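Every number in this text was worked out from the coordinates using simple rules, so none of it is lab data. Note that the structure is a prediction, hence the values are computed from the model and not measured. All Cβ positions, even for glycine, are placed from backbone atoms using ideal geometry, and neighbour counts span all protein chains on display.
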Amino acid sequence: MDSVLNQIGIENYIFLSVALFCIGVFGVLYRRNAIIVFMSIEIMLNAVNLLFVAFSTYHQDAQGQVFVFFSMAVAAAEVAVGLAILVAIFRNLGSIDVANLKNLKG
Amino acid sequence: MDINLALVLLLAPFLGFLANIFLGKSLGKNISGAIGTIAVVVSFAMSLFFFLQINQTGQPISIHLFDWIAISNFNIEFGFLLDQLSLLWLLFVTGIGSLIHLYSISYMHDDEKMHKFFAYLNLFVFFMITLVMGSNLLIMFIGWEGVGLCSYLLIGFWYKNQNYNDAAKKAFIMNRIGDLGFLVGIFIIGFMFNTLDFATLKATILAGNNLDAYWIAAAGLALFIGASGKSAQIPLYTWLPDAMAGPTPVSALIHAATMVTAGIFMITRLNFLFDLAPAIQDIIAVIGAITSLVAATIGLVQNDIKKVLAYSTVSQLGLMFLALGLGAYEIAVFHVITHAFFKACLFLGSGSVIHALHHEQDMRKMGGLRKAMPITFITMLISSLAISGIFPLSGFWSKDEILMTAYHQSPVLWVIGSLASILTAFYMFRLMYLTFFKEFRGSEEQKHHLHESPALLTFPLIVLAILAAIGGLISLPGHSWLNHYLEPLFSKAHEAHHLGTTEYMLMAIATVGALLGIGIAYAKYIKQAQVPEEDEKITGFSKVLYNKYYVDEVYEAIIVKPINLLSRFFRDYIETALASIVFGFGKAANELSFQGKKLQNGSIGFYLFAFVIGFCAIVSYLILAQKKF
Amino acid sequence: MSTVLIIFCILAAVTLASAFMTIFTKNPIHSAIYLVICFFSIAGHYLLFNAQFLALVHIIVYSGAIMILMLFTLMLMNLNKEDEVHKPRITRLGAVVSFLLIISVLIAIFIQTKPIVGPYDTTGEDYQSIKVLGQVLLDQDNGFMVAFEFASILLLVAMIGAVLLSKKEKSSK
Amino acid sequence: MDVSFILIILLIGAFATYFSGDKLAPKVALLFGLVSLGFSVYLLSLFNAGQNIDFISAWITKPSISFSLKADGLSLAMLLLNTALTPLIIFSAFGNEFRNAKNFYALILFMSFAMAGTFLAADGLLYYIFWELALIPIYFIALIWGNGDAEERKKAVVKFFIYTLAGSLFMLTAFIYLYGKAGSFLIEDLYKLELSSQEQLWIFLAFFLAYAIKIPIIPFHTWQAKVYQKAPTVGTMLLSGIMLKMGLYSVIRWQLPLAPSAAKEYMTIFIALGIAGVIYGSIVALRQKDLKKLLAYSSLAHVGLIAAGTYTLNLDGLRGAVLQMIAHGFVVVGLFFVAEIIYRRYETREISEMGGIRSQSPKFTSMFMILVLASVALPSTFNFIGEFTVLYSLSQIGIIWAILGGTTIILGAYYMLRMFQHVMLGETNAKLFKDVTTNETIVLVSIITFLLFFGIYPKPITDLITPSLENIITIINR
C-alpha cells in the first residue's frame, strides 16, 4: 500500500500542527471564559497528537500511535479534573472568568 | 645543687604568695606576716650564699630549665642567670624586701586584708627576682610585667577608693606603654642577632659582625622607652607620684627601692648594646638630667609628705639615667644601691609618721614630731643628709661620682645635675623642718595620741639608716670595691677618676650646694617659721609647680580625651555606618523583591504571556546562536 | 494533484477553520460545536493515515466523552449566553503578538532543523493494525504494559478527584 | 581507631541528649562532652605514637566527593580545643535553667560535632558542609534561648545568619571552580593545582569574604557585637571560643595554601586589615556600656591580631596565631562566663550598674583578675606566648606592624582594667553578691590552670602544631 505521505509530504502535517497549536495558544491568551480556555488546550493537545501520528507513519512505527493513546488518557483525566475544578470555582465565585482568578497575586 | 638553691631563691616568695593567698585568712595576721617575711628572708639568705660564692669564684651561674617559646630561628629558654649584677640586685631587693616585710607586719596590722597584702608583696618579690635572674630578655620581661602587675595590685590595695584605682590603672597602663617599647626592642634584637640570651648576645655583639648601627640605635631607643616607663622618666613619669596611693611600705619597696630601678638594671644588663649607640646614650643622659631637674622643682612645693618623696625618687632616678647615659653604669648601680637605702628609710620613716598621725599625710598638719618620735626623726635625718649629699654619708659618694662624670663629659649636664641636687637638699629639709620642728599643727586629738612607733617599725628604720650612712663604703673614689666587682660585666673598662684638684673642687661645690639648699630651707621654715599656704592661695609660678606643670592635664587633653572621643565617634558613627552598609545590601535585595513582586499580579493571562515570550526568547537565542538541539 | 492531497487540503482547511471559530465564537455552545467539528476533521486525518483504530478511539474519547463533559458543564453553569466581557485591548494585543511570535518561532524551528525529506518507502509491514498496536501496548517485555496500568490508575484517580471536587461542600465556612 | 569516632560520639551524644528528656539532658550532654574529650586525648596519644588516625571513605562518586577526615597536628590541636571547651561550656550552663533543656544541650553537642568536622575534613565539599552545619545550631541557640527583646534579637541573629551564609557562598563558588580544575575536592589534589595569579586572586578573595565575616575582620564585623550581646552566654562562648577559630583555622588550612601567590602579593593589605581591627576594636571597646559587648569588641581586637599573624605567611606568624587561637578560646570563654556569673546575681550586663563586687567575693575577684590579665597577655599566661610570637612575626614583616599591633598591649590593658575597675572595685555594692559556687569555680579554675600551665610550658602544644605548620609553609612556598 502506498503511503499517504508520498503524496502529501510530512511538512504539510508539520505546518498544520503548528497552525493548530498556535490557534490553541492564541485562544488561551485571548479568551476569558475558562471553558473556552479549556477547549483551546484540547486543540493544542490534538495538534501534538496529530504530529505524533504523522511521524508514526513516517517512521512506520506503532509507538507513536501508542503514545497518542496515553496522551488521550491524560487529556481525559485532565478534562475531568479541570472541569470539576471549574465547577468548584463557579460555585465559589459565581463566574468562570479567568480575569477574576487573582489569588496567585504575590 | 646550685640549681636547687637558685630555685629556692626564686620560689620561696612564690610559695609565700601561695600560702598567703590560699591560707592567709585562716592563719591569722601574725602568722601570715611571718610567712611572708620568712619567705623573703630565705631568698635573702640564698642570695647571700650565692653572692659570697661568686665574689670568690667570679663565675656566673647559669641555669637552664626548659625550652619556653620557639621562634623560627631560635629558641627562647626558660633559664636563669646569676652573675655579679643580678646578685647585687638580688641582695638589696631581698634585703630591703625583708626589712619592709618586717615593717609591714606592724604597719598593716589593722588592715583586715593583711594576708592579701603580704601575698602581693611576696608575689612582687618573686617577680622582681625573676626580672633580675632571667637569663634572657623574655624571662626578664616576665618579671618586668609581673612587677608592674603587683604594683597595680598594691597601689589599688584599698580598692574601695576609686581614685586609688585610677592611680593603679594609670601606673599599669603607663608601664605598658614602656613595655611595648621593651617588646619592640626585643623584636629588633631578636631578628638582628637571633638570640635573646644575654650571654650569647654579648658574645655576638662583642664579636662585632654585621652590626647595623641604625637598627642598634632603634633597639636602644625602644629599650630605653621601656626603661623610662618602668623607671618613671620623662615623659612617662607621672604615674609614680600617683602611685603613692598605695600603702607606704609599698611605696618604699616598689616605688622607691626596687621596681623603679628595673630600667637601670636593664640598661646596665645591656650595656654592651648601648655602648654601640652613642646617640641613644646622649638621649638617655639628657632625658635623665631633665627629669631630675623637673621632678626636683615639682618636689619643692608639694605638701603631701609622700608626694615629696615620690618626686624626689623621680629626680634621683633621673640622676641615675644621667649616669647611664654617660656610660658610667657602675656609678648608676652605685647610686641605685645607696638610693635604695636612704629612700627606703625615708619612706618607711614617713610611714611611721603617717602611722602615728592616723593616716595624715599633709605636712601642713604636722610639725614638732621630733620629740615625740625621736628614732624616726634621727633615722630620717640621716637619710635626708645622705640624699642631700652631705659628707661622708652614702649619697655624697654616689651623687658626687655622677656629677663628676657629668662634668668631665658635658658641663651643661653637670650644671643641671648640680642644680637638681641643690633643690634636693632644699626640699628634703623643707620636709624635715615642716614635719619634725616647730609646733604640732594637727588636731588636739592627734596630738594626744602622738607616740613613737613600735619596735617592729623602727627596727627596719635603724638598719636602713645605718646602711644609708655607711653605704658609700662599697665604692669610695680611687678604691672602689663595686667597680672591681662589676668589671666583668662591662665591655669597656671605665677609667677611674684621678682625684685631682678638679675633683676636690667639684666635691666642695657639691657639698656647698647641698649646704646652701639646707640653709635656705632653714631660713625659710625655721627662721621665718613659714608654713606652706592653703591650696587655693598658691599663686604664680609655684602654682604651676604645685600642679606639676599641668603635665597630667596636658596628657589628659592630648591623649586620653582624644582617644575617648575617638572611641565614642567609632562607637556611635562608624559602627552604625558599617552596619548600615551591610544592611544596605539587605535593603537593596528587599527593594528589588518588592519591585519584582509587582510582576506577580495574579493574572493567569499575563503569566502565560510571559511564558510564551520567554519560550520564544530562548528558542530564538538558540537559533540565532546556531545551536543544534 | 492527487486525490489524497485534495482530501488533505480540505480536511486541513476544515480543521483550522473550525479551530479558529471555536475561539472566536462568542457563544460557548457554538464553540463546543465547532470544536466537535474540529475533532472530527482530525479523526479524518487519522483515517487518512490508515489508523482506523486510533480514529475511532479519538472520536469516542474527544467528540464523545470530553465534549459531552464540556457541554454538560456549560449547561450546568448556564453559560450559553454571550455575556463574556472582552478583555482589555492590551491583553488582546498581547495575545496576537504571542500568536505571531510562537508561530514564527515554531516554523523557524522546523526550517532550521532542515528535515531530510526522503522518499517514504514502505516495506508493506503492518505497523498500525489493532493487533500490532495491542502487542506494542500490552507486550510484557518491551511494551508499554506498566504505563498502561498507570494510565488506568490515573483515570481512576482523576475520577475520584473529579467526584470529590464537584461534590457540594456541606460543612464549609 | 580513627578520628571519625569523635564525630560519631558527638553525634550520638546529641541524639542521646535529645532523647534523654529535659531533666537528664545536661548530665548526658556533659558525659558525652567528656567522653569526646577523653577520646580526643587518646587519639592524640595515638597520633604521637605515629599511628595513622585518618578516615577516608568514598561518599559520592559523581561529583567525586569523599568522606575524608584527616588529622595532623594542627587539626588535632583545634579538635582538642573544641572538645575541651565543649564540656566546659556545657558545664558552665548548669547554673542556668533553660526551657526545653534537651533541645538546648543537644544543639550544643551538635554544634560541637559540626565544628569538629570542620577541623578534620580534608575534602573541600565535606568541609563546606560541616562549615555550614555549624551555623544551624548556633542560629537556634541564639534565637530561642537568647536574651533581650525578642524582635531585636531576631533581627541580630538573622542578620548574622544571612551574613555568614552569604560569605560562605563565595567560598562554595571557589570550591566549585577549583573542582572544575582539579576534578576532585580532596585537599591534596587542590594543593597540587597550579593556578594563574589572576585565578588565585579571585579564589583568595572568595575565601577571604567567607572567613573575614566569620572571624570577623573589620569591616565585616558588624554582626558580632549584637549577636554576642543577644545570644545566651553559652552561645556566645561557642561563637567566640570555637567558631571564630574555625575561620582562622580555615585561613591556614585552605585559603593560604590554595592561593599562595595572591596571599604573598597582597599580604600587606590583609595584615593592615587585621591590625586595623586590633586598634579599632580596642578603641571601640573603651566606651562600651554593656559587658558582653565590651568583650565582643575585645575579641574583635584579638582575632584581628591573630588574623594579621596568619597573613604574615611565616612560621612564627602561623604558630603564634594557632597558639593565640587556643589561648584566646579559653580566655574568652572564661570572660564570658564571668559576665554570666555576674548576670546570674545582678541580672544586668550594664557596667554602670555593677561595681563594688570585690569586697563580697574574693575568690571570684581573683579568678576574674587572672582572666583579665590573661586577656591582656601578661607574660606567664598562655596568651602571652601567642601574642609575643605573632607580634614577633609581624616585626619581621615590618617593625611598624609590630608597633601598631602592639598597641593592643596598651589599649587592651586600658579597656580591660577600666572594665575591671568599674565592675569589681569601688565601695561595696548594696546588692548582695554571692561568691562563686563550686560548679562555677570548677569551670574557671580549669580554664585558669590551662592558661597558666601552658603559659609556662607551652612546648607540648608547640611541638604538636609545628610540623604541620611547617608542612603548610612548604606548600605555600611551593
| field | Rounded Å value of the spacing that divides the Cα centres of region D:377-393 and region D:51-126 | value | 28 Å
| said: How far apart, in nanometres, would the label points at B:Asp572 and B:Phe391 be if each is projected 7 angstrom from Cα along the Cα-to-Cβ direction? | reply: 6.7 nm
| request: Give the residue from B:Gly500, B:Thr576, B:Thr338 lying farthest towards the positive end of the charge dipole for chain B; charges sit on Cβ (+1 for Lys and Arg, -1 for Asp and Glu) and the dipole is referred to the Cα centre. | output: B:Thr576
| said: Whole-Hz ³J(HN,Hα) for each residue in region D:132-146, computed from phi via Karplus 6.51 cos²θ - 1.76 cosθ + 1.60 with θ = phi - 60°, x for glycine and proline: what do you get? | reply: 6, 4, 5, 6, 5, x, 5, 4, 6, 4, 5, 6, 8, 9, x
| said: Test of understanding: express the Cα radius of gyration of region C:1-83 as a ratio to 2.2 N^0.38 Å, with N the residue count. | reply: 1.22
| field | Net charge of neighbours whose Cβ lies under 13 Å from the Cβ of B:Leu88, counting Lys and Arg as +1 and Asp and Glu as -1 | value | -2
| Relative contact order for region D:288-478: what is it in percent, counting Cα pairs under 8 Å that are at least 6 residues apart? | 33 percent
| remark: Relative contact order of chain B (C-alpha contacts under 8 Å, at least 6 apart) in percent is 11 percent
| field | Structure-based [θ]222 nm, chain B - -39500 (n - 2.57) summed over DSSP H runs of at least 4, per residue, nearest 500 | value | -23500 deg cm²/dmol
| note | When the charge dipole of the protein assembly as shown is computed with +1 at the Cβ of Lys and Arg and -1 at the Cβ of Asp and Glu, the Cα pointing farthest to the positive end, of D:Pro232, D:Ile12, A:Phe55, is that of D:Pro232
| query | Once you charge only the Cβ atoms, +1 for Lys and Arg and -1 for Asp and Glu, what is the size of the charge dipole of the protein assembly as shown about its Cα centre, to the nearest 20 debye? | reply | 3320 debye
| query | What is the dipole size for region B:339-546, taken about its Cα centre, with +1 at each Lys and Arg Cβ and -1 at each Asp and Glu Cβ, in debye to the nearest 20? | reply | 360 debye
| Taking K and R as +1 and D and E as -1, what net charge do the other residues with C-beta under 15 Å from the C-beta of B:Gly471 add up to? | -1
| task | Kindly provide the pair-distance distribution of region B:339-546 built from C-alpha pairs, with 5 Å bins from 0 and whole-percent values in order of increasing distance. | result | 1, 7, 13, 16, 17, 15, 11, 8, 6, 4, 1, 0, 0
| task | Quickly estimate the mean residue ellipticity at 222 nm for chain A, helices only: each DSSP H run with n ≥ 4 gives -39500 (n - 2.57), and the total goes over all residues, rounded to 500. | result | -26500 deg cm²/dmol
| Going by alpha carbons, how many degrees (0 to 90, nearest 10) lie between the helix axis of D:438-456 and the longest principal axis of chain D? | 50 degrees
| query | Between B:Leu138, B:Phe74, D:Thr83, whose Cα lies farthest towards the positive end of the dipole of the protein assembly as shown when Lys and Arg beta carbons carry +1 and Asp and Glu beta carbons carry -1, centred on the Cα centre? | reply | D:Thr83
| message | Let me spell out the model: positive unit charges on the Cβ of Lys and Arg, negative unit charges on the Cβ of Asp and Glu, origin at the Cα centre of chain D. What dipole size does that give, in debye rounded to 20? | response | 860 debye
| message | Suppose only helical runs count, i.e. DSSP H with n ≥ 4. What mean residue ellipticity at 222 nm does that imply for chain D under -39500 (n - 2.57) per run, divided by all residues and rounded to the nearest 500 deg cm²/dmol? | response | -24500 deg cm²/dmol
| Calculated FRET efficiency for the pair B:Phe459/B:Leu23, C-beta based, R₀ 35 Å, to 0.05 | 0.85
| Taking every pair of alpha-carbon atoms in the protein assembly as shown, what share in percent sits in each 10 Å bin, from 0 to the bin with the longest distance? | 1, 8, 13, 15, 13, 11, 9, 7, 5, 4, 5, 4, 3, 1, 0, 0
| request: Search the structure for amide H atoms under 5 Å from the amide H of D:Ile56, placed 1.01 Å from N in the peptide plane, and list their residues when 5 or more places away or on another chain. | output: D:Leu69
| Value of D in µm² per second that Stokes-Einstein yields for region D:37-163, Kirkwood Rh from Cα pairs, at 4 °C (1.567 mPa s) | 79 µm²/s
| field | 13 Å beta-carbon shell around D:Ala182, net charge (K/R +1, D/E -1) | value | -3
| query | Taking 0.36 nm per residue of separation and subtracting the Cα-Cα distance, what length does fully extending B:Phe49 through B:Ala213 add? | reply | 55.0 nm
| With at most 14 other Cβ atoms within 10 Å, longest stretch of chain D clear of loop GluC sites (Glu not before Pro) (DSSP) | D:195-346
